[in-house]
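A.B. asks: Here it is, the structure in full.
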Amino acid sequence: MSDPTFTEAEATAFATRYGLNLPADQMATLAGKMAEIAKAGLAIPRPSTKFVMPAPVFRVNNG
Amino acid sequence: MKAMTGPVRPLHGIPYGAKDNFFTKGLRTCANSRALMDHVPDYDAAIVEKLDEAGAILLGKLNTWEYGTGQGLVYHDAAYEHARNPWKDDYCTGGSSTGSGASVAAGTAMFALGADTGGSIRSPAAGCGLQGLKPTYGLISRHGILPNCWSLDTPGPMTWSIEDNANVLQAIAGYDARDAATVALPVPDYTRGLEAGVRGLTIGYVRAIGEAIAVDEAVTEGLEDVVAELKLQGATVVDVSLPLPPSRYRELTTLISGTERATVHEVDFVERGHLMGRELREALMMGAAARAVDYVTAQRRRRELAVSMDALVSRYDAILLPCAYRTATPFSDPALVKDFQGRSATTAFNISGHPALAMRTGFDADGLPIGAQLVGRYFDEAMVLRIARAYERSRDWHSRRPVL
């Protein structure tokens, strides 16, 4: 699989959609960061079974 | 300063400093960010409450990388300049608990509080020659600490001696209903077995970390010195291997820390992102762009890695391995500052949740501190401190202090 890439236009659309108030000159940086984290996400080995649950983030209090 | 009345308490009159992401009532907590310059909490962090009850005296707040996070990038654009390493003042401390590392080494605080998401206690402890403990995830309340990553953040003590570390841990450990991650277990006496020695214990030694990048010779010599001393004192030391190289654990934190950080600080980023420094701003950009599928996958992968790590750690009284792979580096070369932070085996134990101590093992030829990392079973900080104390008392490294 080739590395994901994003254009500045896609970064701008993303920022607009999510209300990120970034100046225009940072859209290239945002596009690069979008690609970087997409690549990191794709690189994580997928668990071999569906029964591996996510590590717990919180616990239910007994009280 | 608060008046001290009544009976003498465990940390009566002991002065300390707190990383400036610990909330302090009526005292600005800006986490080295222009975005938080007007942030004055109206309550104390749970740890600060506990230390107050124990009689400790908060002297002041300590420098940190912005928002208590980062990878060691040097842009000189946060609210305050980087803390300097007391051993060489043009060198980095390691981060993100930078001021905590510097202050204890310099002797301006008897102990300091740090918080560790991927190594933020242990890296500055290694860089500044301290004993820095990242306890088991869930041992200590994070209530009132500016969150960085809920599923990894772990506060802990940074001290000059192991005894100090045990005493501070005693004061701050324990369940807190305000932090859902804390575990309702009895807090053991961390000082009682401190001098029990290591005879009869079995310690796993990670002689080869399995990375292409090397551990510096001085750091390796320090590790070998620990092994030799523990054997001399009657411990059995056996070679072991980590389930995966440390860098494989670090990869997960890009997703886990990145996504949670962007969630924690979303409003700040939208409203005051222009006030943030470049490293934080770009980290928040990246986290905001993570896919939900990848974040959840990272948390599932984390569970697998934690289980396999625990299968190793639970077989021994403790595991010895490198902490930072090199000594602190000069600010004049920003790539080396990032390298100091990145070349370490700290993050694996945030992923697994095991207690991990950065322990001082001496100094290199240039007089910079070197260190090792000692990892224990879940909630067995007492054993980690006991083993580290056995080594500490056999050497006189603690008697050497930086010339200021």
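A.B. asks: Any idea which residue in the range B:91-114 is surrounded by the fewest Cβ atoms within 10 Å (Cβ to Cβ), counting only those that are farther than 19 Å from B:A324 by Cα and touching a strand residue (DSSP E or B) at 6+ places or on another chain (Cβ under 7 Å)?
C.D. replies: Checking each candidate, the answer is B:M110.
A.B. asks: Also, quick follow-up: Determine if the range B:205-221 includes at least one residue that is more than 14 Å from chain A (Cβ to nearest Cβ), within 21 Å of the chain's Cα centre (by Cα), among the hydroxyl-bearing types (S, T, Y) and crowded, with 23+ Cβ neighbours inside 10 Å.
C.D. replies: Looking through the range B:205-221, none of the residues is more than 14 Å from chain A (Cβ to nearest Cβ), within 21 Å of the chain's Cα centre (by Cα), among the hydroxyl-bearing types (S, T, Y) and crowded, with 23+ Cβ neighbours inside 10 Å.
A.B. asks: Among the numbered criteria (1) in contact with a Gly (Cβ under 7 Å, 6 or more places away or on another chain); (2) surrounded by fewer than 19 Cβ atoms within 10 Å (Cβ to Cβ), which single criterion is violated by B:D364?
C.D. replies: The single condition B:D364 does not satisfy is (1).
A.B. asks: Can you name the residue in the range B:275-291 that is more than 15 Å from B:L255 (Cβ to Cβ) and part of a helix (DSSP H, G or I) and is also nearest to the other protein chains (Cβ to nearest Cβ) among such residues?
C.D. replies: B:E282
A.B. asks: Surrounded by 24 or more Cβ atoms within 10 Å (Cβ to Cβ) and within 8 Å of chain A (Cβ to nearest Cβ): does that describe B:A318?
C.D. replies: The answer is no for B:A318.
A.B. asks: A:A38 fails exactly one of the following numbered conditions: (1) more than 8 Å from every other protein chain (Cβ to nearest Cβ); (2) in contact (Cβ under 8 Å) with a residue 24 or more places away in the chain. What is the number of that condition?
C.D. replies: (1)
A.B. asks: State all residues of the range B:234-274 that are β-branched (V, I, T), part of a helix (DSSP H, G or I), more than 18 Å from B:A345 (Cβ to Cβ) and touching a residue at least 12 places away in the same chain (Cβ under 8 Å); if no residue qualifies, say none.
C.D. replies: B:T259, B:T263, B:V264
A.B. asks: Shifting gears a bit: Pairs under 6 Å by beta carbon, first residue touching a residue at least 40 places away in the same chain (Cβ under 8 Å) in the range B:339-350, partner aromatic (F, W, Y) and buried (at least 24 other Cβ atoms within 10 Å of the Cβ), six or more apart or different chains?
C.D. replies: Every condition considered, the pairs that remain are B:T347/B:Y249; B:A348/B:Y249.
A.B. asks: Would you point out the residue of the range B:357-369, among those that are among the hydrophobic types (A, V, I, L, M, F, W, C) and in contact with a Cys (Cβ under 9 Å, 6 or more places away or on another chain), that is farthest from B:C128 (Cα to Cα)?
C.D. replies: Checking each candidate, the answer is B:L357.
A.B. asks: Here are some residues: B:L58, B:L51. Which one is part of a strand (DSSP E or B) and farther than 29 Å from B:R281 by Cβ?
C.D. replies: Values: B:L51 fails: part of a strand (DSSP E or B).
Testing whether each residue is part of a strand (DSSP E or B) and farther than 29 Å from B:R281 by Cβ leaves just B:L58.
A.B. asks: In addition: Would you be able to tell me the number of residues in the range A:1-55 that are assigned to a loop (DSSP other than H, G, I, E, B) and of a type in the set (A, V, I, L, M, F, W, C)?
C.D. replies: 9
Quick grid of which residues meet (1) within 14 Å of the chain's Cα centre (by Cα); (2) among the charged types (D, E, K, R); (3) within 22 Å of B:E260 (Cβ to Cβ):
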residue	(1), (2), (3)
B:A31	no, no, yes
B:P41	no, no, yes
B:A79	no, no, no
B:R84	no, yes, no
B:G101	yes, no, no
B:G107	no, no, no
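A.B. asks: What residue, among those in the range B:24-34 that are surrounded by fewer than 24 Cβ atoms within 10 Å (Cβ to Cβ) and either touching a residue at least 40 places away in the same chain (Cβ under 8 Å) or not charged (D, E, K, R) (or both), is nearest to B:G156 (Cα to Cα)?
C.D. replies: Across the range B:24-34, the extreme among qualifying residues is B:T24.
A.B. asks: Residues to consider are B:D310, B:D294; find the one that is buried (at least 16 other Cβ atoms within 10 Å of the Cβ), farther than 30 Å from B:M37 by Cβ, of a type in the set (D, E) and at the interface with chain A (Cβ under 9 Å from one of its Cβ atoms). Please lay out each step first, then the result.
C.D. replies: Numbers: B:D310 fails: at the interface with chain A (Cβ under 9 Å from one of its Cβ atoms).
Testing whether each residue is buried (at least 16 other Cβ atoms within 10 Å of the Cβ), farther than 30 Å from B:M37 by Cβ, of a type in the set (D, E) and at the interface with chain A (Cβ under 9 Å from one of its Cβ atoms) leaves just B:D294.
A.B. asks: Filter the helices (runs of 4 or more DSSP H) completely within the range B:308-394 down to those with at least 3 residues that are in contact with a helix residue (DSSP H, G or I) (Cβ under 8 Å, 6 or more places away or on another chain) and at pLDDT 95 or above.
C.D. replies: Where helices (runs of 4 or more DSSP H) fall fully within the range B:308-394 and carry at least 3 residues being in contact with a helix residue (DSSP H, G or I) (Cβ under 8 Å, 6 or more places away or on another chain) and at pLDDT 95 or above, they are B:348-352, B:381-392.
A.B. asks: Follow-up question, since we're still on this one. Spot the failing condition for B:Q71; the list is (1) crowded, with 24+ Cβ neighbours inside 10 Å; (2) under 15 Å from the mean Cα position of the chain (by Cα), and only one is missed.
C.D. replies: (1) is the only condition that B:Q71 fails.
A.B. asks: Follow-up. Scanning for something aliphatic (A, V, I, L, M), over 21 Å from B:D77 (Cβ atoms) and in contact with a strand residue (DSSP E or B) (Cβ under 6 Å, 6 or more places away or on another chain), does the range B:285-298 turn up at least one residue?
C.D. replies: no
The values are calculated or read from the model by the stated rules, or taken from the named source; none is laboratory data. As the structure is a computational prediction, the values presented were derived from the model and not from experiment. Note: ideal-geometry Cβ built from the backbone for every residue, glycine included; neighbour counts use all protein chains shown.
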